[in-house]
1. Mind ranking SER124, SER112 by accessible surface for me, highest first, 1.4 Å probe?
2. Can you give me the distance in nm between label points at ARG72 and LYS161, each placed 7 Å from the Cα along the Cα-to-Cβ direction?
3. Determine the percent antiparallel among the DSSP beta bridges restricted to the range 1-141, to the nearest 5.
4. Share of antiparallel DSSP beta bridges in the chain, in percent to the nearest 5?
5. Can you pull out the GluC sites (Glu not before Pro) in the range 158-241 whose DSSP state is coil and whose Cβ has at most 11 other Cβ atoms within 10 Å?
6. Between TYR129 and VAL214, what length in nm is gained on full extension when 0.36 nm per residue of separation is reduced by their alpha carbon distance?
7. Over all alpha-carbon pairs of the range 137-241, lay out the pair-distance distribution in 5 Å bins, whole %, shortest bin first.
8. Set the Förster distance to 30 Å, then compute FRET efficiency between LYS29 and HIS99 from the Cβ-Cβ distance, nearest 0.05.
Amino acid sequence: MALEDTNNKLLPPKHIAIIMDGNGRWAKKRGLPRTAGHAAGGETFRTIANYCRSIGVKYLTVYAFSTENWKRSEEEISGLMKLLAKYLREGLRDMEKNHVRFRFFGDLSRLSPELRKLCEDAQSRSAQYHEVTVNFCLNYGGRDEIVRAARSFAEDVAAGKAKPEMLTEQLFGTYLDSEGVPDPELVIRPSGEMRISNFLPWQTAYSEFVFMNVLWPDFTPADLDAAIEEYHRRNRRFGGA
């Protein structure tokens, strides 16, 4: 039976992950540049993040920019980076009011020094907050994350800090970007596409996936509620009978 709060509303999963997809198609349908779609998608992120906090979601992980997104045009990449910087500055500005913790998954070394500094400031200054954590996957690829983690473990073995026989799933998890963050119970992908696109392959081994035929800029709290309702209809067996 699905758990409900005192208002008879389904309790959300502790950790929701979202592949924010469909910005470009949303803009194309309206004869707008792709950057306009990303701006609209940014406003949707703001709305959904606030809604998640209001209903008690503890962790929200969003796919902001993948390792493959560098293949896009310079204009689109520049627009995305400016948009990310804008929201990070706002997050820093409103941090004491919102009490949101920021974390970043991905290889930040390829970002501009300014954007990297904003990420570092947001992460360090918000570390004191524990009510809700927003994880931004930025220059992130799931395979890249696993390779970086494997490389870090190998370096520890070479330095005598670890032994190969020590490696377990639990230990390997401490080398991932998501160290200390519980795996997402629910992964949502709007836009109608039905693939994970290199998003958290290790962490989502037993997540429930909900694919929705709505472009991300049009995604609303009602859509999130619908995804949560679908999640509660699932029978999560984790490989058991």
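1. The ordering from most to least exposed comes out as SER124, SER112.
2. 3.5
3. So the antiparallel bridges amount to about 5 percent of the total.
4. Of all bridge pairs located within the chain, approximately 5 percent are antiparallel.
5. Filter output for the range 158-241: GLU179.
6. Length gained, TYR129 through VAL214: 27.4 nm.
7. Reading upward from the zero bin: 2, 10, 17, 18, 17, 14, 9, 6, 4, 3, 0.
8. 0.20
The values are calculated or read from the model by the stated rules, or taken from the named source; none is laboratory data. Because the structure is a prediction, the values reported are computed rather than measured. Cβ coordinates were reconstructed from backbone atoms using ideal geometry, including for glycine residues, and neighbour counts include every protein chain displayed. The protein model used for the area step is the full one, side chains on, heavy atoms only, and it has no ligands, DNA or RNA in it. Shrake-Rupley method; radii C 1.70, N 1.55, O 1.52, S 1.80 Å.
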